[in-house]
Amino acid sequence: MKTKIKFKIDEIIKLCVNDYLVSVGEPNIITNKTVLFGSGALLDSMGLVNVIIDIETSLKKINYPITLTSEKAFSLKHSPFKSVHSLSNYIYIEIKNIEN
């Protein structure tokens with residue numbers, strides 16, 4: 001069962017990705033399976049940077065000051081930036097680490 005914060009994280013990611021895609025004239029339907037970066041992705045490297053900044057800003061507004069561009073995030077075997085689902089899980093774990 002998803003927690004309230006997990007739903008909020010999913011919502012933030014999808015909203016930030018959608019806002020970016022609309023801003024560049026490429027609206028799309030965003031789901032948890034949406035590939036964000038890599039083969040078949042909706043975002044290029046600059047798009048990913050913009051979305052990450054927006055996500056960090058949105059998380060900070062709800063009192064979760066998470067840095068997504070950490071060495072930890074980039075050194076993981078499976079990139080947290082691959083999909084909405086993987087990014088959401090990564091953020092959720094980081095929030096849980098802060099809370100504990």
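For this structure, a couple of remarks:
- Residues satisfying the stated conditions in the range 28-43, i.e. part of a loop (DSSP other than H, G, I, E, B) and surrounded by 11 or more Cβ atoms within 10 Å (Cβ to Cβ): 28, 30, 31, 32, 34, 36, 37, 38, 41, 42, 43
- Residue check, residue 72 farther than 17 Å from residue 10 by Cα, out of contact with any strand residue (DSSP E or B) (no Cβ under 6 Å at 6 or more places or on another chain) and outside any loop (DSSP other than H, G, I, E, B): yes
- When the range 1-20 is filtered for residues that are of a type outside the set (A, V, I, L, M, F, W, C), part of a helix (DSSP H, G or I) and free of Cβ contacts under 8 Å to residues at least 40 places away in the same chain, the ones remaining, listed by number, are 4, 11, 18, 19, 20.
- Of all residues in the range 27-59, exactly one satisfies the criterion of being polar (S, T, N, Q) and either in contact (Cβ under 8 Å) with a residue 60 or more places away in the chain or in contact with a Phe, Trp or Tyr (Cβ under 7 Å, 6 or more places away or on another chain) (or both), namely 50.
- Test set (1) among the charged types (D, E, K, R); (2) touching a Gly at 6+ places or on another chain (Cβ under 7 Å); (3) modelled with pLDDT under 90 - residue 82 fails condition number: (3)
The values are calculated or read from the model by the stated rules, or taken from the named source; none is laboratory data. No experiment lies behind these values; they were computed from the predicted model shown. Positions of Cβ are backbone-derived with ideal geometry, glycine not excepted, and every protein chain shown enters the neighbour counts.
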